[in-house]
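Colleague: If you scroll down you'll find the structure; I have some questions about it.
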Amino acid sequence: MLYLIGLGLGDAKDITVKGLEIVRRCRRVYLEAYTSILTVGKEVLEEFYGRKLILADREEVEQEADNILKDADISDVAFLVVGDPFGATTHSDLILRATKLGISYRVIHNASIMNAVGCCGLQLYKFGETISIVFWTDTWRPESFFDKVKKNRQNGMHTLCLLDIKIKEQSLENLINGIEFYIYRGRKIYEPPRYMSINQAAQQLLEIVQNQRMRGEEPAVTEKTLCVGLARVGAEDQKIATGTLQQMSTVDLGGPLHSLIITGDNMHPLEMEMLSLFSIPDNSSESC
């Protein structure tokens with residue numbers, strides 16, 4: 001059996017009792033290590049679970065899934081995912097691969113950012129399509145996702161923005177310069193991990209707003225649009241801040257992971273009252 005087990009959003013103790021029981025009896029236990037992170041490291045998880053974990057990066061999961069599925073038809077293999085197992089399409093692909101090989105699977109669900117965003121007071125059924133905001137580069141500055149934000153706002157829906165994570169990524173320079181090194185030393189050169197902050201996401205959004213104005217378009221979002229910043233949802237030091245998009249470009253919510261919500265129009269009075277609990281101070285450059 002292949003088990004896909006959600007770990008929740010906080011720390012080692014957020015795993016369900018059912019999930020923990022399965023982890024402790026599996027022959028191999030993989031920890032997916034690229035779509036999200038917990039507030040604790042692999043060693044803390046191993047101590048609490050009482051099992052050694054095998055880190056599975058993007059390359060392992062997407063290109064070498066057969067290694068994960070090996071012997072899963074005759075023994076139990078667990079694949080651990082921060083949040084809920086279906087928070088990323090990669091995990092659906094793993095299930096499809098298992099099914100084609102005749103391997104049974106079972107999913108153990110847990111909390112994910114997709115439902116935990118309700119902690120800010122916005123009503124979950126009023127969220128539209130979720131988007132991802134990626135790190136821009138000098139040569140790649142995509143804006144196409146902004147159409148989905150516009151559509152959500154036209155429908156009075158909130159938009160959850162998932163912010164980019166870069167783990168075990170190779171820069172173009174490292175890809176080029178590392179070829180010879182890799183051939184002779186047998187390893188690749190990776191960039192340090194990077195996690196997009198609320199500030200970075202807001203700054204990119206503000207630039208898109210300006211770009212649209214320069215093209216003679218009327219942006220669906222402006223500097224004054226009400227937004228919600230969330231950091232480390234589910235952890236003991238979780239932080240929430242409500243303010244304009246302009247304020248989000250300077251507010252400090254601390255370490256990763258961050259998420260951003262662009263609110264829709266015509267919010268319910270209870271939503272507005274809840275958001276007021278997290279209003280950014282006048283001096284938005286200060287930490288919240």
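Colleague: Pairing the Cα long axis of helix 198-214 with the longest principal axis of the chain, what angle in degrees results, from 0 to 90 and rounded to the nearest 10?
Modeller: Between helix and principal axis, roughly 50 degrees.
Colleague: Still on this structure, please answer the following. Taking the solvent-accessible surface of protein heavy atoms with a 1.4 Å probe, what is the per residue accessible area of the stretch 2-111 in Å²? Let's see the in-between values first.
Modeller: Working: 5290 Å² over 110 residues.
Per-residue value: 48 Å².
Colleague: Cα axis of helix 89-100 to longest principal axis of the chain: angle in degrees, 0 to 90, nearest 10?
Modeller: The helix 89-100 is inclined about 30 degrees to the chain.
Colleague: Compute the helix-to-body angle for 172-185: its Cα long axis versus the longest principal axis of the chain, expressed 0 to 90° and rounded to tens.
Modeller: 20 degrees
Colleague: Over the stretch 199-252, with the other protein chains present, what is the accessible area per residue in square angstrom, probe 1.4 angstrom? Display every interim value, and only then the final one.
Modeller: Working: 2380 Å² over 54 residues.
Each residue of the stretch 199-252 exposes 44 Å² on average to a 1.4 Å probe.
Colleague: Between Ser132 and Lys52, what length comes free when the chain is fully extended (0.36 nm per residue of separation minus the Cα-Cα distance, one decimal in nm)?
Modeller: On the way: separation 80, 0.36 × 80 = 28.80 nm, distance 3.23 nm.
Computed gain between Ser132 and Lys52 is 25.6 nm.
Colleague: Could you check the spin-label model distance between Leu277 and Gln238? Points 7 Å from the Cα along Cα→Cβ, value in nm.
Modeller: It works out to 1.0 nm between the two label points.
Colleague: Sticking with this one: Let me know the charge dipole size of the chain about its Cα centre in debye, to the nearest 20, where only the beta-carbon of Lys, Arg (+1) and Asp, Glu (-1) is charged.
Modeller: 620 debye
Colleague: Which of the pairs Lys18/Lys70; Lys100/Lys151; Lys148/Lys224 have their Cα atoms more than 28 Å apart in this structure?
Modeller: Lys100/Lys151
Colleague: So who's got an amide H within less than 5 Å of the one on Ser132, skipping anything under 5 residues away but keeping other chains? H placed 1.01 Å off N, in plane.
Modeller: Correct list: Leu162.
Colleague: So if we plug the beta-carbon distance of Arg24 and Leu101 into 1/(1 + (r/R0)^6) with R0 = 25 Å, what FRET efficiency do we get, rounded to 0.05?
Modeller: After rounding to 0.05, the efficiency reads 0.50.
Colleague: Normalised by the number of residues in the chain, what is the relative contact order in percent for Cα pairs under 8 Å and 6+ residues apart?
Modeller: On the way: 521 pairs, mean separation 53.9, N = 288.
RCO, the chain: 19 percent.
Colleague: Given a 1.4 angstrom probe, I'd like the percentage of the accessible area of the chain that is carbon and sulfur, rounded to a whole number.
Modeller: Answer for the chain is 50 percent, counting heavy atoms of protein chains only.
Colleague: Run the simple label-point estimate for Met214 and Met1 please: 7 Å along Cα→C-beta, distance reported in nm.
Modeller: Spacing of the two 7 Å Cα→Cβ label points: 5.7 nm.
Colleague: Across every pair of different alpha-carbon atoms, what Kirkwood hydrodynamic radius in Å does the stretch 2-111 reach? Before the final figure, lay out the partial values.
Modeller: Details: mean 1/r = 0.0736 Å⁻¹.
This gives a value of 13.6 Å.
Colleague: At R0 = 41 Å, how high is the FRET efficiency between Lys224 and Glu62 if r is their beta carbon distance? Nearest 0.05 is fine. Don't skip to the answer; put the middle values down first.
Modeller: Values: r = 41 Å, r/R0 = 0.99.
After rounding, the FRET efficiency stands at 0.50.
Colleague: Moving on. Residues of the stretch 3-28 with amide nitrogen under 19 Å from the 7 Å Cα-to-Cβ point of Val44?
Modeller: 6-17, 20
Colleague: So what is the relative contact order of the stretch 2-111, in percent, for Cα pairs below 8 Å that sit 6 or more residues apart?
Modeller: Working: 186 pairs, mean separation 50.7, N = 110.
With pairs under 8 Å counted, the relative contact order is 46 percent.
Colleague: Now a separate question. Rounded to the nearest 500 deg cm²/dmol, what is the calculated helix-only ellipticity per residue at 222 nm for the chain, with -39500 (n - 2.57) per DSSP H run of length n ≥ 4?
Modeller: On the way: 11 runs with 96 residues, N = 288.
Per the formula, -9500 deg cm²/dmol.
The values are calculated or read from the model by the stated rules, or taken from the named source; none is laboratory data. Small disclaimer: the values here were computed from a predicted structure and weren't measured. All Cβ positions, even for glycine, are placed from backbone atoms using ideal geometry, and neighbour counts span all protein chains on display. To get the accessible areas, we keep the full protein, side chains included, count just its heavy atoms, and leave off ligands, DNA and RNA. Shrake-Rupley method; radii C 1.70, N 1.55, O 1.52, S 1.80 Å.
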